[in-house]
1. Separation between the Thr70 and Ser99 pseudo-spin-labels, each 7 Å from Cα along Cα→Cβ, expressed in nm?
2. Place a point 7 Å from the Cα of Thr39 along the Cα-to-Cβ direction; which residues of the range 100-114 have their backbone N under 18 Å from it?
3. Pop out the ³J(HN,Hα) list for the range 66-77 in order, Karplus 6.51 cos²θ - 1.76 cosθ + 1.60 with θ = phi - 60°, rounded to Hz; leave Gly and Pro as x.
4. Among 76-82, 30-36, what's the highest-first ranking by average C-beta atoms within 10 angstrom per residue?
5. Just subtract the alpha-carbon distance of Thr122 and Leu11 from 0.36 nm times their residue separation and send over the number in nm, one decimal.
6. Could you calculate the FRET efficiency of Ala46 with Val88 from 1/(1 + (r/R0)^6), where r is the beta carbon distance between them and R0 is 22 Å, rounded to 0.05?
7. Would you indicate which of (i) 56; (ii) 46; (iii) 60 is the value of percent of Cα pairs over 19 Å apart derived from the coordinates of this structure?
8. Would you mind checking which residues have amide H under 5 Å from Ser93's amide H? H placed 1.01 Å from N; only 5 or more apart, or other chain.
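Computed from the coordinates by the stated procedures, all read-outs in this text should not be read as laboratory data. Note that the coordinates shown come from a computational prediction; the quantities given were computed from them, not determined experimentally. Here the Cβ positions follow ideal geometry from the backbone for every residue, glycine too, while neighbour counts run over all protein chains shown.
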Amino acid sequence: MIKRNKNAFTLIEILIVVAIIAVLIIIAVPNVVRARKNTNESLAQASLKLVSNALENYVAANGIYPPQTTDLVTVDPPYLEVDYFTGVHAGYSFTSVLSNYSYTVTATPIAPSAASVTYTMTTGGIISSNN
């Protein structure tokens, strides 16, 4: 006769626990990804507002918009602390088109996993999205 140890888990019990953990992961992962995308999109909008404020402050002091975005960072004191136009910030890359009296700044997601909405800001800080 085989003596059974009552203190051990059976194979069925272990499989049930693994299945429950798998279901929880399947439910949680999309929510985490969605929260990350929403955070990146909010950060992109906030960054565009900072750029808008810097451009408006520059034009108030100089009478025209800067010929290039690096002028916002390289002057003393800088209008922007971070150069959003180099590299990637919160899953977005930023590009600009500047003239003496108008500007357009675009925040484009670098990958669908980072964000899904492209934002465009025009003169006066008006932000629009193309979702």
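1. Rounded to a tenth, the inter-label distance reads 2.4 nm.
2. Correct set: 109-114.
3. So the Karplus estimates, Gly and Pro as x, are x, x, 8, 5, 5, 5, 6, 9, 8, 6, 10, x Hz.
4. 76-82, 30-36
5. Going from the current span to full extension adds 33.7 nm.
6. Between Ala46 and Val88 the formula returns 0.90.
7. (iii)
8. Thr108, Ile110
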